[in-house]
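Here is the structure we will look at, set down as structure tokens.
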Amino acid sequence: MAGVSEEKRAWVKSMLGVDIPAGEHEEPEAEDHDGETMMRGKGRGSKSAKGSKSAKPVPEDFAKKFQSAKSVWTSAMDDVDSQISELQKAMAKSPDEDIRDIAQHALSGVTGGYKQLLGAYIKALGDGSDAGALHKEGPGLLGAVADLRTTLDKDRQIAVMDDNPFNCLVSIRGTLGPALNELEAALRHGLS
């Protein structure tokens, strides 16, 4: 009978500050089931610029760059959702109730609602061809991108998930970082 390893107990302690008592538990066999990630709202993402009919025109190639960056972002966010889901599945198989509870309740908001926040700005920008939308929503999206980058760099929970002991590949920083770079570059080009 395999117990919860010291490494896993230490990981849970660093993740949530919860001590899991040592004890003999049987690890259940691997089982496949679906998981879903929900994010909680967080971040400034202020809509600071006002759109107007006299807004500076959109650079000719902005729409194409924005569409590409949007696609990269969507793919990266889908990858992170999948990675978190796999970690939740692995943790749900633990013989320890605390680890199972963490899997069910504590991992779902690790990107702090940025998925929805950035998604709302991206949707408002549409296909990237509307100068008014770009100048109204673009600065807010840039702010949200900067806030998420700071969260990725400094959030301890993200660091712990990226280095988890459950044999699950989780790379939130490595997956979202390049997508944020693309969004930022496209927006800076469009707003220049």
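Total residues in region 152-162 satisfying the condition of being buried (at least 20 other Cβ atoms within 10 Å of the Cβ) and over 22 Å from ALA92 (Cα atoms): the figure is 1. In region 171-192, what residues are closer than 17 Å to GLY140 by Cα and part of a loop (DSSP other than H, G, I, E, B)? Selection gives SER192 alone.
How about region 152-182: which of its residues are of a type in the set (Ser, Thr, Tyr) and either within 19 Å of SER68 (Cα to Cα) or touching a Phe, Trp or Tyr at 6+ places or on another chain (Cβ under 7 Å) (or both)? Within region 152-182, just THR175 meets the criteria.
Based on what the data block shows, is GLN116 of a type outside the set (Lys, Arg), assigned to a helix (DSSP H, G or I) and under 24 Å from GLU6 (Cβ atoms)? When the stated conditions are applied, GLN116 does not pass them.
Among the residues of region 163-173, is any within 23 Å of GLU60 (Cβ to Cβ), crowded, with 21+ Cβ neighbours inside 10 Å and touching a residue at least 40 places away in the same chain (Cβ under 8 Å)?
Restricting attention to region 163-173, the residues satisfying the condition of being within 23 Å of GLU60 (Cβ to Cβ) are none.
No, because not a single residue in region 163-173 is within 23 Å of GLU60 (Cβ to Cβ), crowded, with 21+ Cβ neighbours inside 10 Å and touching a residue at least 40 places away in the same chain (Cβ under 8 Å).
Pairs linking a residue in region 68-94 that is among the basic types (Lys, Arg) to a residue that is surrounded by fewer than 16 Cβ atoms within 10 Å (Cβ to Cβ), with Cβ atoms under 6 Å and 6 or more positions apart or on different chains, are LYS93/PRO28. The residue list VAL170, VAL160 contains one member that is closer than 29 Å to ASP96 by Cα and in contact with a Ser or Thr (Cβ under 7 Å, 6 or more places away or on another chain), which is VAL160.
Residues to consider are LEU187, LEU183, LEU134; find the one that is touching a Leu at 6+ places or on another chain (Cβ under 6 Å) and buried (at least 19 other Cβ atoms within 10 Å of the Cβ). Before you say what the answer is, go through the steps one by one.
Values: LEU183 fails: touching a Leu at 6+ places or on another chain (Cβ under 6 Å); LEU134 fails: touching a Leu at 6+ places or on another chain (Cβ under 6 Å).
Residue meeting the stated conditions: LEU187.
Is there a residue being at pLDDT below 60, within 25 Å of GLY143 (Cα to Cα) and in contact with a Leu (Cβ under 6 Å, 6 or more places away or on another chain) anywhere in region 36-49? The answer is yes; a qualifying residue exists.
Pull up region 99-130, narrow it to residues that are surrounded by fewer than 17 Cβ atoms within 10 Å (Cβ to Cβ) and of a type in the set (Asp, Glu), then point me to the one that is farthest from ASP163 (Cα to Cα). Taking the candidates together, the pick is ASP127.
The values are calculated or read from the model by the stated rules, or taken from the named source; none is laboratory data. Just so you know, these numbers come straight off a predicted model, no measurement behind them. Glycine also receives a Cβ, built like all others from the backbone with ideal geometry; neighbour counts cover every protein chain displayed.
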